[in-house]
1. I need the semi-axes of the equivalent ellipsoid of region A:176-272: take the C-alpha gyration tensor, multiply each eigenvalue by 5, square-root it, list largest first in whole angstrom.
2. By count of other Cβ within 10 Å, fewest leading, how are B:Leu141, A:Leu236 ordered?
3. Among B:Val71, B:Val233, which comes first, then next, by fewest other beta-carbon atoms within 10 Å?
4. For chain A, go through all pairs of different Cα atoms, get the mean of 1/r, take its inverse, and jot down that Kirkwood value in Å.
5. Over the protein assembly as shown, what is the percentage of antiparallel beta bridges among all DSSP beta bridges, to the nearest 5?
6. Over the protein assembly as shown, consider all pairs of different Cα atoms and compute the Kirkwood hydrodynamic radius from their mean reciprocal separation; express it in Å, one decimal.
7. Suppose a student asked you for the relative contact order of region A:265-317, using Cα pairs under 8 Å spaced at least 6 residues apart; what percent would you report?
8. Using only the Cα atoms of chain B, what are the Rg and Dmax in Å?
Amino acid sequence: MEMTYIKAINSALMEEMRRDENVFMMGEDVGELGGAFKATEGLLEAFGEERVIDTPISEALIVGAGIGAAVLGMRPIVEMQFADFISCAFDQIVNMAATTRYRHGGRAECPLVVRAPSGAGIHGALFHSQNPEAWFTRVPGLKVVAPATVYDAKGLLKAAIRDNNPVIYFEHKRLYRSIKEDLPDADFTVPIGAAEIRKEGTDLSLITYGGTLGQSLDAAKIVEKEDGLAVEVLDLRTLLPLDRDAILATARKTGKVLVVHEDRLTGGIGGEVAAIISEHAFEFLDGPVRRLCALDTHVAFSPPLEEAILPNTNKIVDAIRSLAAY
Amino acid sequence: MAAGIEFTTALPDKEHSLNLLHQMIRVRRFEEKSAELYSAGKIRGFLHLYIGEEAVAVGAIAALDPDDAIVATYREHGHALVRGISANSIMAELYGKQEGCSHGRGGSMHLFDAATRFYGGNAIVGGGLPIAIGLALADKLQGRSRVTACFFGEGAVAEGEFHECMNLAALWKLPVLFCCENNLYAMGTALKRSESEVDLCLKASSYEIPAWPVDGMDVVACEDAAQKAVLAVRSGEGPFFLEFRTYRFRAHSMYDPQLYRTKEEVEEWKKRDPISTFEDRMHQRKILDDDELAGIEKQVGSEIAEAIEFAEAGTWEPIEALTRFVYSERPAQ
């Protein structure tokens, strides 16, 4: 059935809540309003207010209450209305959820999903445009996923709900209604921790995830047509744990790697990917691992500035050409 | 709110009084021994002693059923002992041995035992409150008539999470007993130096939560207040807030010059020692004699000696296992 990215999220929630009565949703405006983006539309009607729960604007509490319920064997899905607001719940995620199991010597588990609508490109300005994934990818005990396709939006959310660990699910707002895909009717999941080759190539590897996959594939097509370059595009899909084997395999195959992400350059996932390659595939490299990311600033409201700050297809094309010529 | 509410001061019967006394002495002696072991280098890191505050945990937990849950702070050895986690596994945890109740991973501040529904000490001030809300929410959603008792210090009321939790617990009528242990100092900062409103019950009442101040140095009052509050919570009326006014006789942690309070103040409070005053009352009522007291001390002494032996004989977790417990070892559901 053909559906949008946001509909895929909605149908994953619907199916998992139907499959397992321990699954429930909590968040700001997830019930009556159906979510700020309508991701949870129809859930209240389908499952009632005991399983689709509207909360006050209290992010720390929403996550913390999710942890408490998870420790008792429920499988809460909590929504941060915008990923930008996840910072209000940072303590509960990083100090509490991530350490629940470790702190108690394996005697407690925290099967919690935190959904976080992230990303720029919708003129949301500084506090409705962030990509905060790298704040969490250095926290053992968490898993972090960032689907870039409609199929993955559904499959990774289902996998996250079934996982016994706290999973942060970054869904890109710009993709909500801008991409569509025909999805199988049968139940499926996408494994957490597995990257996926989106386009095979031999000249250069482009490693990306989330909001910049589409732009990267567009750029790869352009350079293939105009420059005859065969770019391999690897979609990370999961950011913690990273699929090191897939990263190293493509680096060894092409010898040149460009990492693209919408999050800022400094301290971003790209730095970790570059370090993994430099440590374990150095002798295969024919050039430096390069990164094309958002500039090290905040996402401005001004449309020309926002455009200048974020990666886009043209910038990726230029970066591919520059690295190919190295 | 029922400001100035009177709780019973009449001693319970002999058997129950002896039991309360026994529990308080267990906690006191366990803490004293822990301090010695700390000085001897057997216990490392941070150690927060409950000495002076025993009546609160002993009284409040006596009012709970075994099925009720507890969330505690980093000053939680006493709560864990009273709840029924064995002294052996608590002491082993303080040592960092894998026989400890948190496998040696958590230490003094993170005692945990699902079997006794003790959902953790917590070393982030206010960090346990949202989790208590979640435990209570799960009980409510799944139709269980259980109470979650959430202990926290008066310092936690300065955290935003406190206010988020007060609001939601009241709004959703969650079965939470908020047990604020007001020992007047958040580490070295006196309550009046950190709060514009020092009447903590007033804060809770502003969220429409019934709130009572309780003499936290009187185990009988603590138990009586907790019993009444638990009854209300269990009947589905929503949360309850008890402010136990108490005092810690020792430093915040092991080393602390205590320049933030006077020696005279400490001595004044020590006159209200929850154990010696309770003993005196029992003596007066002639329900405690010297032999019985000696018997309690002897029993407690051997329990703690055994716990130390157990902890000493405990083993360190092998280094090869250090990456365990980060992620679940169960397959996805």
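Where a number appears in this text, it was derived from the coordinates with a stated rule and is not lab data. As the structure is a prediction and not an experimental result, all values here were calculated from the model. A quick note on method: Cβ atoms are made from the backbone with ideal geometry, for glycine too, and the neighbour counts reach across all protein chains shown.
1. On the way: eigenvalues 91, 65, 42 Å².
Here the semi-axes work out to 21, 18, 14 Å.
2. Details: B:Leu141 17, A:Leu236 24.
The fewest-first ordering by Cβ neighbours comes to B:Leu141, A:Leu236.
3. Working: B:Val71 30, B:Val233 27.
Lowest count first: B:Val233, B:Val71.
4. On the way: mean 1/r = 0.0500 Å⁻¹.
About 20.0 Å for chain A.
5. Values: 11 of 65 bridges.
Taking every DSSP beta bridge with both residues in the protein assembly as shown, the antiparallel ones total about 15 percent.
6. Values: mean 1/r = 0.0372 Å⁻¹.
Computed over Cα pairs of the protein assembly as shown, the Kirkwood hydrodynamic radius comes out at 26.9 Å.
7. On the way: 27 pairs, mean separation 18.1, N = 53.
This gives 34 percent for region A:265-317.
8. Using the Cα atoms of chain B, the pair Rg, Dmax is 19.5, 61 Å.
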